[in-house]
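Here is the structure we will look at, set down as structure tokens.
The values are calculated or read from the model by the stated rules, or taken from the named source; none is laboratory data. What you see is a predicted model, and the numbers here were worked out from it, not measured in a lab. For neighbour counting, all protein chains shown are included, and Cβ atoms are generated from backbone atoms with ideal geometry for every residue, glycine included. For the accessible areas, the whole protein counts, side chains as well, though only heavy atoms, and no ligand, DNA or RNA atoms are used. Shrake-Rupley method; radii C 1.70, N 1.55, O 1.52, S 1.80 Å.
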Amino acid sequence: MPVHYASETGFIPQLLKLAKKYSLRVVEDAARSFAGFRNGERIGKVDDVICFSFDGIKNITSGKGGAIVTSNAALLERVKGGCLLGGEKDSEKRFTGERSWDFNVSNQGFRFHMSNIMAAIGREHLKKADGFIQIKKQAVTQYIVLLSSVKDIECLQHKVEQNAPHIFVIKVLNDKRDYLMHTLRELGIQCGIHYQPNHYLKLYKSNDSLPNTELVAKQILTLPLHTELQKDDVTYVVGSRVKLLGEYNA
Ligand SMILES: *Cc1c(COP(=O)(O)O)cnc(C)c1O
């Protein structure tokens, strides 16, 4: 179940190859990469199963909800039924106003179906998806250019042309991540950490050491990225950071 972290999907083809070799299924968590591309094709042109989220903070939203895309017809039937109480071949009928009273249930069902109100919001947002992405791509490009000359700050490797950017994460290499984060917040610049490692959380607590994860967890910082971010805002964010680190010489 690979996550398209920060909308990046470059590693997926390799993973699919590995999965094929060992006859494994791949369920891609594409919650954050809706409207992006991989190898020139829209993400969603499926290899196995891809899940999108239309939660309020995602690339487009329907308020809540999401979508599962698969080329596996049997699985698709099961998902459709499972979303609406497990009734087999019944969900489509219901959405056209019909209803069968003699349906069958052979798998666990849930109430995960999208309401018409949410779908209406989602359909409107869908029209705006590419426009939203363009705005965020411009901001990401600007960030990368401005940050390229800042010492001790590293951008993740972004395929800006292809990706639908959702969050903009940098690595602070000089052990001053927390200082930077708190100071930026004091300046009214929101920033955060995506994410704490799972093995730090109570539920998954483990004494195993994951040195690479733990190193990166201390470095990552997410900078503002949204559809109302203006050029001047990006300059302000970078300018503030630069002043703090005292390293900028553009
Ligand atoms: C938001 C998000 C989810 C959850 O999506 P829901 O629509 O809330 O179920 C899962 N994975 C990632 C990476 C996300 O960002």
Residues within region 196-208 that are open to solvent by 80 Å² or more (accessible area, probe 1.4 Å) and either touching a residue at least 12 places away in the same chain (Cβ under 8 Å) or more than 20 Å from Arg177 (Cα to Cα) (or both), tallied: 8
All positions within region 29-45 that are open to solvent by 10 Å² or more (accessible area, probe 1.4 Å) and within 17 Å of Gln14 (Cβ to Cβ): Asp29, Arg38, Asn39, Glu41, Ile43
Test set (1) modelled with pLDDT under 90; (2) assigned to a helix (DSSP H, G or I); (3) within 25 Å of Glu8 (Cα to Cα) - Leu146 fails condition number: (1)
Output for region 146-166, where each listed residue is in contact with a Leu (Cβ under 6 Å, 6 or more places away or on another chain) and either of a type in the set (Val, Ile, Thr) or not assigned by TED's automatic domain parsing to the domain that holds Leu225 (or both): Ile153
Meets criteria (in contact (Cβ under 8 Å) with a residue 40 or more places away in the chain and in contact with a helix residue (DSSP H, G or I) (Cβ under 7 Å, 6 or more places away or on another chain)) for Gly81: no
Test: Val238 is assigned to a helix (DSSP H, G or I), modelled with pLDDT of 95 or more and of a type in the set (Val, Ile, Thr): no
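Looking for something farther than 22 Å from Gly10 by Cα and assigned to a loop (DSSP other than H, G, I, E, B) - is there at least one such residue anywhere in region 116-133?
Step one: filter region 116-133 for residues farther than 22 Å from Gly10 by Cα, giving 116-128, 131.
Then keep just the ones that are assigned to a loop (DSSP other than H, G, I, E, B); that gives none.
No, every residue in region 116-133 fails to be farther than 22 Å from Gly10 by Cα and assigned to a loop (DSSP other than H, G, I, E, B).
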Any hit, region 120-131, residues being away from the ligand (no atom under 16 Å from the Cβ), under 20 Å from Val27 (Cα atoms) and open to solvent by less than 80 Å² (accessible area, probe 1.4 Å): no
Region 197-235, residues that are modelled with pLDDT of 90 or more and polar (S, T, N, Q): Asn198, Ser209, Asn212, Thr213, Gln219, Thr222, Thr227, Gln230, Thr235
Any hit, region 177-191, residues being in contact (Cβ under 8 Å) with a residue 60 or more places away in the chain, in the same structural domain as Leu229 (by TED's automatic domain parsing) and either under 26 Å from Ile43 (Cα atoms) or assigned to a loop (DSSP other than H, G, I, E, B) (or both): no
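One line per residue, one yes/no per condition, for (1) open to solvent by less than 60 Å² (accessible area, probe 1.4 Å); (2) touching a Lys or Arg at 6+ places or on another chain (Cβ under 9 Å); (3) at pLDDT 90 or above:
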{"residue": "Lys89", "(1), (2), (3)": "no, yes, no"}
{"residue": "Val105", "(1), (2), (3)": "no, no, no"}
{"residue": "Ile133", "(1), (2), (3)": "yes, no, yes"}
{"residue": "Lys136", "(1), (2), (3)": "yes, no, yes"}
{"residue": "Gln162", "(1), (2), (3)": "yes, yes, yes"}
{"residue": "Asp178", "(1), (2), (3)": "no, yes, yes"}
